[in-house]
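The values are calculated or read from the model by the stated rules, or taken from the named source; none is laboratory data. The structure displayed is predicted, hence computed values, not measured ones. Here the Cβ positions follow ideal geometry from the backbone for every residue, glycine too, while neighbour counts run over all protein chains shown.
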């Protein structure tokens, strides 16, 4: 059975609104999407790290409750599990402050087995961090060798904008490994100073990767492939929190690839109609995650969520 393998940060998000704490939920870019995928019954392998502390215990317990295996989560004895403070504005978009205390040696876990047509997802600063770069490259090389679909979510936050000169070469290297790149207009503005999706694809993506999915907050989704480009409309909603929107869009898109039985070779011949079905899954999960303070879809939504294949 095909599975989704992901590597990324695991963190406890404490949400504030009007200066008051509202909720504390486990989070992380790949992690958020994996909670939703676990609730949908998708086979998963998650590579991450947590401290041997109360926060780490909370998150590991939450993972087990949501069908995310923990055997590839490095439990480090030195340092502490990371925490973020997320301050929601009037539009319920978040501004973050991060608190991290990692050990020197990180991700000391064996590489999981990857099979042909599995899906490997990575992204955010975690995929660029010099302290983790060697390990990330090992995983990417193995995923490519095993003929998995490699999905890269840029997810580049303004907090790291001052490091972009140092990080850009690693980002381009990630582009070269990817079969699909997903990024927002905000991500690419931080990196290249450009928001126009067509220009982003033409000048910064196409040479490295043929498939680019561009998102613009609540605006349309733009898809570029080597054969065509198209726009996908999104119905307006009033969000409760947008923290997990992009992460759940990724999860839905990957769920769509599995649901519609798209393997690595199939990916390069997909037409507009097939892509629209896959993107619809991404929009469905992103929309649902925006309607609560959690970073993922509800269990009730997951139980009811079916689309004809």
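Quick notes
- Cβ-Cβ contacts under 7 Å between residues 6 or more apart (or on different chains), taken from a first residue in the range 79-92 that is modelled with pLDDT under 90 to a second residue that is part of a loop (DSSP other than H, G, I, E, B), are listed as 79/102; 79/103; 86/243; 88/241; 92/239; 92/240; 92/241; 92/242.
- Residue 250 in contact with a strand residue (DSSP E or B) (Cβ under 7 Å, 6 or more places away or on another chain), part of a helix (DSSP H, G or I) and buried (at least 16 other Cβ atoms within 10 Å of the Cβ): yes
- The conditions of being on the phi < 0 side of the Ramachandran plot, in a loop (DSSP other than H, G, I, E, B), touching a residue at least 24 places away in the same chain (Cβ under 8 Å) and surrounded by fewer than 18 Cβ atoms within 10 Å (Cβ to Cβ) are not met by residue 243.
- Test for residue 25: is it buried (at least 16 other Cβ atoms within 10 Å of the Cβ), within 21 Å of residue 285 (Cβ to Cβ) and at pLDDT 95 or above: no
- Residue in the range 196-222 that is surrounded by the fewest Cβ atoms within 10 Å (Cβ to Cβ), counting only those that are closer than 28 Å to residue 137 by Cβ and under 17 Å from the mean Cα position of the chain (by Cα): 211
- Qualifying residue in the range 292-308 (condition: under 19 Å from residue 212 (Cβ atoms), crowded, with 19+ Cβ neighbours inside 10 Å and under 14 Å from the mean Cα position of the chain (by Cα)): no
- Comparison of 233, 244, 193 shows that the only residue that is closer than 14 Å to residue 282 by Cβ and over 18 Å from the mean Cα position of the chain (by Cα) is 233.
- The single condition among (1) outside any helix (DSSP H, G or I); (2) at pLDDT 90 or above; (3) in contact with a strand residue (DSSP E or B) (Cβ under 6 Å, 6 or more places away or on another chain) that residue 147 does not meet is (3).
- Some residue of the range 169-182 being under 18 Å from residue 47 (Cβ atoms), touching a strand residue (DSSP E or B) at 6+ places or on another chain (Cβ under 8 Å), at pLDDT 95 or above and assigned to a strand (DSSP E or B): no
- Scanning the range 150-165 for residues that are in a helix (DSSP H, G or I) and at pLDDT 95 or above turns up nothing.
- Of the residues 9, 64, the single one that is part of a loop (DSSP other than H, G, I, E, B) and either modelled with pLDDT of 95 or more or in contact with a helix residue (DSSP H, G or I) (Cβ under 6 Å, 6 or more places away or on another chain) (or both) is 9.
- Matching residues in the range 267-281 - criterion: being under 22 Å from residue 45 (Cβ atoms) and without any contact (Cβ under 8 Å) to a residue 40 or more places away in the chain: 278, 281
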